[in-house]
Amino acid sequence: MSKIIITAIGKDRPGIVSSVARVLFQLGCNIENVSQTILQSEFAGIYIVSVPDGTDFETFSEQFREAFGEVGLHVHIESMETELPHVEPSGEHFIITTIGPDSKGLVYDISTVIAEAGVNIINLTAVFEGGDNPEKNIMVYEVLVPDSVDRHILSGTLKEKAASLKLALTFQHKNIFDTVNRI
């Protein structure tokens, strides 16, 4: 089976994931990976889908778009050119959380420190509610820190940057973060 990537964006409402899954099922596809979220009032979903051998990409794209064009779901479909085996990079997962006042460039400033350390951001959630309560402005990064990166130096560099931005920053191993937040 070949694979495609589908991105879908539109006004949120109940049933979007179910509708996408139904159409894919009807077209003989299998959803292998999906990530979806709601940002304010907008739905965003990314799907990696295996399609039956011999599927015509243009026909498939047309059928899929027709199913959602009238309901305002904007869809982009792209073929995955080469299937490479998924290799999990070595390293450990950490959670970086910042809390503090909103200002332009916060995601840029923190993500630049992460990138310069050679660390990959696996997931990012940023909620900026603004207003007078800076505790409502939170960013949570899940990162994969390679074994070659000194975690103490990374944590220190992040905390220095956060302090310059008036942010409180925590840097925790994902297992510890998950345990503490389960309580």
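Every read-out reported here was derived from the displayed coordinates using simple, explicitly stated rules and does not represent laboratory data. Remember, it's a predicted structure, so these values are computed and weren't measured experimentally. Positions of Cβ are backbone-derived with ideal geometry, glycine not excepted, and every protein chain shown enters the neighbour counts.
The distance linking the stretch 1-69 with the stretch 88-112 is 29 Å (Cα centroid to Cα centroid, whole angstrom).
Close amide-amide hydrogen proximity is noted between D12 and E42, F43, each under 5 Å apart and 5 or more residues distant or on a separate chain (H modeled in the peptide plane; Pro and chain starts excluded). Along the axis of the charge dipole computed for the stretch 2-79 (Cβ charges of +1 for Lys and Arg, -1 for Asp and Glu, origin at the Cα centre), the listed residues I16, T55, H74 are led at the positive end by I16.
With the cut-off at 1.5 for a/c, could you classify the stretch 2-79 from its C-alpha gyration tensor as rounded, prolate or oblate?
Details: a/c = 2.00, a/b = 1.63, b/c = 1.23.
The shape class here is prolate.
Only Cα pairs under 8 Å and 6+ residues apart enter the sum, and on that basis the relative contact order of the stretch 92-182 stands at 44 percent. Remark: V113, V180 ranked as V180, V113, counting other beta-carbon atoms within 10 Å and listing the fewest first.
How much net charge surrounds S111 when only other residues with a Cβ under 15 Å from its Cβ are counted (Lys, Arg +1; Asp, Glu -1)?
Numbers: positive: K104, K161; negative: D109, E116, E142.
That sum, taken over residues with Cβ under 15 Å, equals -1.
Let me know the charge dipole size of the chain about its Cα centre in debye, to the nearest 20, where only the beta-carbon of Lys, Arg (+1) and Asp, Glu (-1) is charged. Walk me through the numbers before you get to the answer.
Details: 13 positive and 25 negative charges, 134 e Å.
Computed charge dipole of the chain: roughly 640 debye.
Distances between placed amide hydrogens fall under 5 Å for G91 paired with D147, all partners being 5 or more residues away or on another chain.
Quotient of the Cα radius of gyration of the stretch 92-182 and 2.2 N^0.38 Å, N being its number of residues: 1.04.
The residues packed around E42, meaning those with a beta-carbon under 9 Å from its beta-carbon, carry a net charge of 0 if Lys and Arg are +1 and Asp and Glu are -1. Amide H contacts for N137 (H built 1.01 Å from N in the peptide plane; partners 5 or more residues away or on another chain; cut-off under 5 Å): G100, E129.
Using only C-alpha positions, report the orientation-averaged shadow area of the convex hull of the chain, nm², one decimal.
Numbers: hull surface 52.9 nm².
If you wrap the Cα atoms of the chain in a convex hull and average its projections, you get 13.2 nm².
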